1. Post the alpha-carbon centroid distance, region 157-176 to region 103-136, in whole angstrom.
2. Quick one: length gained pulling Asp101 to Arg89 fully straight, 0.36 nm per residue minus the C-alpha distance?
3. Select from region 93-182 those GluC sites (Glu not before Pro) which occupy a DSSP coil region and have at most 16 other Cβ atoms within 10 Å, ordered by residue number.
4. Rounded, prolate or oblate: pick one for region 97-192, where a ≥ b ≥ c are the square roots of the eigenvalues of its C-alpha gyration tensor, a/c under 1.5 means rounded, and failing that, prolate if a/b is larger than b/c, else oblate.
5. If pairing requires two Cys Cβ atoms under 4.7 Å apart, which cysteines of the chain are left without a partner?
6. Quick one: Karplus J couplings for region 84-95, per residue in order, coefficients 6.51, -1.76, 1.60, θ = phi - 60°, nearest Hz, x for Gly and Pro?
7. Could you give each residue of region 111-125 its phi-based ³J(HN,Hα) in whole Hz, using Karplus coefficients 6.51, -1.76, 1.60 with θ = phi - 60°, and x for Gly or Pro?
8. Kindly put Lys171, Lys156, Lys20 in sequence by how many other C-beta atoms sit within 10 Å of each C-beta, fewest to most.
Amino acid sequence: MPGKLNDRRQRHDPYYRRAKSESYAARSVYKLQELDERFGLLRAGQRVLDLGCRPGSWLQYASARVGPQGRIVGLDREPLPITLPSHVRLIVGDVLTIGGDALRGALPCFDLVLSDMAPDTSGVASSDQLRSAELFERALALSLELGCAQTAFVAKILMGEGFEPALASVKRAYRRTKVVRPDATRRQSTEVYVVALERREAPVPAP
Ligand SMILES: C[S@@+](CC[C@H](N)C(=O)[O-])C[C@H]1O[C@@H](n2cnc3c(N)ncnc32)[C@H](O)[C@@H]1O
């Protein structure tokens, strides 16, 4: 039974247990923590956009790191099951149809754009990969539209079809890029995170 298998797998998963004991909404918080510790992504007072934020562990972590002077906007198709501090604004909507202005609100720009978005899996690897790449490219477009001059960009993508063109798009827009598979990524997952730093003043044109 998939439900029972899932329960058993979770009980034996150290990241799941740790997230529960530290009151985080999801184990994926440790992926962001690893990336933050490695690349120094989050600082007090920053403005952060978190795309695909449900159930909210990245929002919990990022809101503590930026502190009450910072601002965070989280977007997801579904409402969140947790209560958030007052410097976090949640928008329920679809990243593929929402306009940049609705996300920006009263903020001039974002210092960091995060995307942990994942498509609903169909079981057909190639179509899941293409949909993941579509979400990734949309997150990158929003990072370029709404980011400050020094914006950093971090986004998840499934390896496979669509990955190389997506990575090439990031490299045209940012000077430093790194593809990372955090320790907390499940063994069977094909996900990686692209970390992009030092935004170029003018993106290199596509060939
Ligand atoms: C892996 S979860 C994110 C976990 C989150 N980072 C956390 O730590 O709690 C991926 C989320 O992406 C959202 N998502 C997928 N496609 C989306 C879309 N088109 N627009 C907005 N959110 C989307 C899903 O609803 C889901 O909640």
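1. Taking the Cα centre of each part, region 157-176 and region 103-136 sit 13 Å apart.
2. On the way: separation 12, 0.36 × 12 = 4.32 nm, distance 1.41 nm.
Contour length minus Cα-Cα distance gives 2.9 nm.
3. Glu161
4. Working: a/c = 1.96, a/b = 1.58, b/c = 1.24.
It comes out prolate by the Cα gyration axes.
5. Cys53
6. 10, x, 5, 8, 10, 10, 9, 10, 9, x, 9, 4
7. Ordered by residue, 3J(HN,Hα) equals 7, 8, 10, 10, 9, 10, 5, 9, x, 5, 7, 9, x, 9, 4 Hz.
8. On the way: Lys171 16, Lys156 24, Lys20 12.
Ascending number of Cβ neighbours within 10 Å: Lys20, Lys171, Lys156.
Read-outs throughout are calculated quantities, based only on the coordinates presented, and are distinct from any laboratory measurement. The structure presented is a predicted model; accordingly, all values stated were derived computationally and were not measured. Virtual Cβ from ideal backbone geometry, glycine too; neighbours counted across all protein chains shown.
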